[in-house]
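Peer 1: I have a structure here, written as structure tokens, and I will follow up with some questions on it.
Just so it is clear, none of the values below were taken in a lab; they were calculated from the coordinates. Please read all numbers here as calculations on a predicted model, not as lab measurements. Please note: Cβ atoms are built from the backbone with ideal geometry, for glycine as well, and neighbour counts cover all protein chains shown.
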Amino acid sequence: MTLGRTSHRPRPVDPVTLKILVAGGFGVGKTTLVGAVSEIRPLRTEERLSEAGRPVDDVDGVEEKTTTTVAMDFGRITLREDLVLYVFGTPGQDRFWFLWDELAQGALGAVVLADTRRLADSFAAVDYFERRGIPFTVAVNCFEGADRFPGETVRAALDLDPEVPLVMCDARERESVKEVLVTVVEHALNRAERHRRHAVT
Ligand SMILES: Nc1nc2c(ncn2[C@@H]2O[C@H](COP(=O)(O)OP(=O)(O)OP(=O)(O)O)[C@@H](O)[C@H]2O)c(=O)[nH]1
Ligand SMILES: [Mg+2]
């Protein structure tokens, strides 16, 4: 038997896979964000917004919207050859809140997308991750036509902890979304490292 040189080559390592959630109010651009960044055809669970849903679905400010996520969005992005993110978009409407606990299981971190025209719609997502101690980053989806506010104003309005990163993004742009995801991963890893050091000392 001849042992070729190939046997000495390092074997490619399996990438680390991390789960990231994308949350935020109704129609803030979660499905758009997952679709923009995913390297596989994203799984979507969109249903048409129906007349029947009108009394419960708050479409104020998003009148153009014809569909809504009813379970989740799912996409995948390779950040580095050894680091793959599975990105889960949550449904934005209150009536699907019961799904959040399932989706949040095993998540390393989360993005709370916000629209400055309807900031209050993202309060619930901020509260959710704060309560559960899941590290998150707030990403303002800069819709054209929406007023631009300085980060500090948005931070104050959402009453964010100083350590929570806040970034501006365009949910339709792959590179912009990638930056958001890198921010979340770095924030979550830094926080885990701080907790670990704290536990040792
Ligand atoms: N102009 C502009 N439109 C956007 C942007 N992001 C999303 N949209 C549009 O806004 C609408 C809502 O986007 P979605 O991605 O469906 O929002 P969502 O947060 O997944 O909505 P739900 O699942 O119903 O909560 C769609 O018509 C998008 O095309 C953006 O950055 N700029
Ligand atoms: Mg959606």
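Peer 1: Helix-derived [θ] at 222 nm for the chain: sum -39500 (n - 2.57) over DSSP H runs of at least 4, divide by residue count, nearest 500?
Peer 2: After summing the helix terms and dividing by residue count, I get -8500 deg cm²/dmol.
Peer 1: Quick check: the angle from helix 174-200's long axis to the longest principal axis of the chain, C-alpha only, nearest 10 degrees?
Peer 2: Relative to the chain, helix 174-200 is tipped by roughly 70 degrees.
Peer 1: Amide H to amide H under 5 Å from Q93: which residues, 5+ apart in sequence or cross-chain, H placed 1.01 Å off N in plane?
Peer 2: none
Peer 1: Ok, one more. Give the relative contact order (percent, whole number) for region 13-200; include only Cα pairs under 8 Å separated by 6+ residues.
Peer 2: Rounded, it is 26 percent for region 13-200.
Peer 1: For the chain, what are Rg and Dmax over the alpha carbons, in angstrom?
Peer 2: Answer for the chain, Rg first and Dmax second: 18.9, 74 Å.
Peer 1: Trypsin sites (Lys or Arg not before Pro) within region 128-166: which are DSSP loop residues with at most 13 other Cβ atoms inside 10 Å?
Peer 2: Within region 128-166, the qualifying trypsin sites (Lys or Arg not before Pro) (loop, at most 13 other Cβ atoms within 10 Å) are R148.
Peer 1: Still on this structure, please answer the following. Go through region 108-116 residue by residue and turn each phi into a ³J(HN,Hα) via Karplus (6.51, -1.76, 1.60, θ = phi - 60°); whole Hz please, and just put x for glycine and proline.
Peer 2: Those phi angles translate into 6, x, 9, 10, 9, 7, 9, 10, 5 Hz.
Peer 1: Here is a further query. Can you compute 3J(HN,Hα) from phi for each residue in region 161-167, using the Karplus curve 6.51 cos²θ - 1.76 cosθ + 1.60 with θ = phi - 60°, rounded to whole Hz and x for Gly and Pro?
Peer 2: So the Karplus estimates, Gly and Pro as x, are 4, x, 6, 6, x, 10, 10 Hz.
Peer 1: A further question follows. Using the Karplus curve 6.51 cos²θ - 1.76 cosθ + 1.60 with θ = phi - 60°, work out ³J(HN,Hα) for each residue of region 138-149 in order, rounded to whole Hz, and write x for Gly and Pro.
Peer 2: Result, ordered by residue: 8, 10, 7, 7, 7, 5, 6, x, 8, 5, 8, 10 Hz.
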